[in-house]
1. Largest first and in whole Å, give the semi-axes of the stretch 140-270's equivalent ellipsoid, each being the square root of 5 times a Cα gyration tensor eigenvalue.
2. Tell me which of Ile58, Gly255, Ser192 sits at the most positive position along the dipole axis of the stretch 8-269, charges placed on C-beta atoms (Lys, Arg +1; Asp, Glu -1).
3. Work from the charge dipole of the chain (Cβ charges, +1 for Lys and Arg, -1 for Asp and Glu, about the Cα centre) and give the residue of Ala165, Trp85, Pro218 farthest towards its positive end.
4. With a 10 Å Cβ neighbour count serving as the proxy for reagent exposure, in which order, fewest first, do Tyr74, Tyr226 appear?
5. Computed FRET efficiency, Cβ-Cβ of Ala237 and Val109, R0 51 Å: what is it to the nearest 0.05?
6. For mean projected area of the Cα convex hull in nm², one of (i) 15.5; (ii) 17.5; (iii) 16.5 was computed from the structure I shared and the rest are decoys. Which label?
7. May I ask you to compute the full-extension gain from Val31 to Val50, defined as 0.36 nm times their residue separation minus their alpha-carbon distance, rounded to one decimal in nm?
8. Kindly put Thr91, Thr55 in sequence by how many other C-beta atoms sit within 10 Å of each C-beta, fewest to most.
Amino acid sequence: MVSATVPRAAAGFPRLRQVWRYRELLRGLVVRNLKVKYQRSLLGFVWTLVNPLLTVSILVVVFSHVVRIQVPHYWAFLLSGYFVWNFMLQTLTTGTWIFSEHSRLTRSVAFPSEILVFSAAGSRLIEFLSEISLILLALILLHHHGVPPSYALVPVLIALQVVLAVGLALPIATLSVFYYDMYHALPIALTSLFYLSPVFYPASMVPESLRTLYFLNPIAGLLTLYHEVLYAGRWPAPTLLLGTCAATALVWVLGYAIFHRYAASFAEIV
């Protein structure tokens, strides 16, 4: 069955060629998302940094002086992963309302509906690129006092991060069209995922007997890669990098398959 917003001839999987044909629409939606987010705001983009930085500051105080996680230069460790988690959190949360917000557009214009998810990830990526630039600068000047060779892997990690986020956001957006329970269930799931991912603690603290199970969570692998590359300033183990790439690819394929299976009904429901 073919989506009502896409011609039948274009109903291939994963339909990326069709998405490419609508790249101008995608670009326009990314720009619109950023304009809407910062309209009537005096500080504008600064707010994107303020909230995570305040959270990081609180976590540094709590886990350095109260719980006392034994990680040298804990602030650098937290910075190297928290903004990645924040990217995932915001992108996945967007999936719960992205189609309902653009319901008029999907009914009036023919385009691949996954573009809405891509545009949400794209606008968040622009913000993240600004954030990670400042983080890299801080780590280079205050933590490493130089540029570690491992930083050459940062573009690869960002690409993995975006693919993983979109791969998870697509089925979330799909389920949100059919079940409003997603609005209530996702915050609970994300809170659980926060504690089950190495956001504020290193993966090395997880008992060795549980690490295989622990790393079935692809976000855990991604965050550990960031910690290795940004915080430790060393090349990650090939098994970790290849395993995370494989998990990310699997999430993308499964997420896109779920989305493509039910995308035909979106225009009728939202």
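1. Details: eigenvalues 204, 56, 38 Å².
Calculated on Cα positions only, the semi-axes equal 32, 17, 14 Å.
2. So the residue we want is Gly255.
3. Farthest towards the positive end: Ala165.
4. Sorted ascending by nearby Cβ count, the order is Tyr74, Tyr226.
5. Values: r = 47 Å, r/R0 = 0.91.
E(calc), rounded to 0.05, equals 0.65.
6. Computed from the coordinates, mean projected area of the Cα convex hull in nm² corresponds to (i).
7. Details: separation 19, 0.36 × 19 = 6.84 nm, distance 2.14 nm.
Full extension of this stretch gives 4.7 nm more.
8. Ordered from fewest to most neighbouring Cβ atoms within 10 Å, Thr91, Thr55 come out as Thr55, Thr91.
Any read-out appearing in this document is the output of simple, stated calculations on the displayed coordinates, not a laboratory observation. This is a predicted model, so every value here is computed, not measured. Neighbour counts are summed over all protein chains in view; Cβ atoms, including those assigned to glycine, are modelled from backbone coordinates with ideal geometry.
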